[in-house]
Amino acid sequence: ISMITTEVAYPVFVQVTRKELGATFVRFTQQNLLVLAPFLVAVAITGDRILAALYGAMPSSAGSAARVLCVVGGLRALGFVMPPVLAAVGKAKRVFVYNAIAAVVLPSSFAIAAHLGSDYVAVAWAWAISYPLAFAILASFALPAIELRLATYLRALAGPLACTLGAAGVGFAVRGWPLAIVVAAIAAAYVGLVAVVMRITPRSLLRAFSPSVTAAPAPGTTPPPST
């Protein structure tokens, strides 16, 4: 799902002005997190039952691993937007450095966890412990490159985080109910919170996809006559 955002983000980052880059990056980050958050909440609360519904009976450790990996999923939702913005401002070498560091740190942590742990949940914990380090390195490359202050970035995440925690609270309160009801409650709470906190509603989404807005003509060209 994040790859869709990544595919769209790069051409947009290339077209906007340097002054608009930080705000555009924040919007893409919020959008990606808002799309992925309800999935992460549902897995964190009902991971074992979702896995059982999809794949049949599984050991309890499978649900534990899925819940631990939700931490990684949240950071991945944020991190996916950073490489495109670095490439757009001519800092692709920093993306290479990040990938090189991640290629060493993450597999090494997996190998150590697999050697020390008793099952594959240890590898999930290795993800949750080591990936924040890789994310911190990536953020330290991306935010200065677009002149975005860390405080501004964190404030932009407050709204999506509030919606996520609110939906998680509702899901946790009804976690003992049938799976379909729990998922529906999480979805309903999340949609309501996004509408109130982020001012994003089905109507606003429809307006965003409306073809009534015409792109501005390129500089030096004459716009076509209206019909």
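Sum -39500 (n - 2.57) across every DSSP H segment of at least 4 residues in the chain, then divide by the residue count to get the 222 nm mean residue ellipticity, nearest 500.
-26500 deg cm²/dmol
Within 10 Å, at most 14 other Cβ atoms, and a DSSP state outside H, G, I, E, B define an exposed site. Report the longest part of the chain free of exposed trypsin sites (Lys or Arg not before Pro). Looking at the chain, 1-148 is the longest stretch - no exposed trypsin sites (Lys or Arg not before Pro) with at most 14 other Cβ atoms within 10 Å. Against the chain, whose longest principal axis is taken from its Cα atoms, helix 2-15 shows a tilt of about 20°.
Helix 179-193 axis versus longest C-alpha principal axis of the chain: approximately 30°, rounded to the nearest ten.
Once fully extended, how much extra length lies between Ala180 and Thr201, figured as 0.36 nm per residue of separation less the alpha-carbon to alpha-carbon distance? Between Ala180 and Thr201, full extension yields 5.2 nm more. The Rg/Rh ratio of the chain, with both radii computed over alpha carbons and Rh defined as the Kirkwood radius, is 1.03.
Here the chain exposes an accessible surface that is 70 percent carbon and sulfur, computed with a 1.4 Å probe and the other protein chains kept in place. The listed residues Leu78, Leu179 rank as Leu179, Leu78 when sorted by accessible area, largest first, using a 1.4 Å probe. Among residues other than Phe28 with Cβ under 15 Å from its Cβ, the summed charge is 0 (Lys and Arg +1, Asp and Glu -1). Between His115 and Ala23, the modelled labels are 5.2 nm apart [label points 7 Å from Cα along Cα→Cβ].
Which value, in debye to the nearest 20, gives the size of the charge dipole of the chain about its Cα centre, when Lys and Arg are +1 and Asp and Glu are -1 at the Cβ?
Result for the chain is approximately 500 debye, rounded to the nearest 20.
Solvent-accessible surface (1.4 Å probe) assigned to Tyr190 amounts to roughly 20 Å².
FRET efficiency for the pair Val14 and Leu133, taken as 1/(1 + (r/R0)^6) with r the Cβ-Cβ distance and R0 = 35 Å, rounds to 0.75.
Measuring only protein heavy atoms, the 1.4 Å probe finds Val196 accessible over about 110 Å². In this calculation the C-beta distance from Ser60 to Val191 is compared with R0 = 25 Å, giving a FRET efficiency of 0.20. Relative to the current alpha-carbon distance between Arg149 and Glu7, full extension at 0.36 nm per residue lengthens the span by 48.6 nm.
The values are calculated or read from the model by the stated rules, or taken from the named source; none is laboratory data. No experiment lies behind these values; they were computed from the predicted model shown. Neighbour counts are summed over all protein chains in view; Cβ atoms, including those assigned to glycine, are modelled from backbone coordinates with ideal geometry. Just the protein is used for accessible areas: all its heavy atoms, side chains included, with ligands, DNA and RNA removed. Shrake-Rupley method; radii C 1.70, N 1.55, O 1.52, S 1.80 Å.
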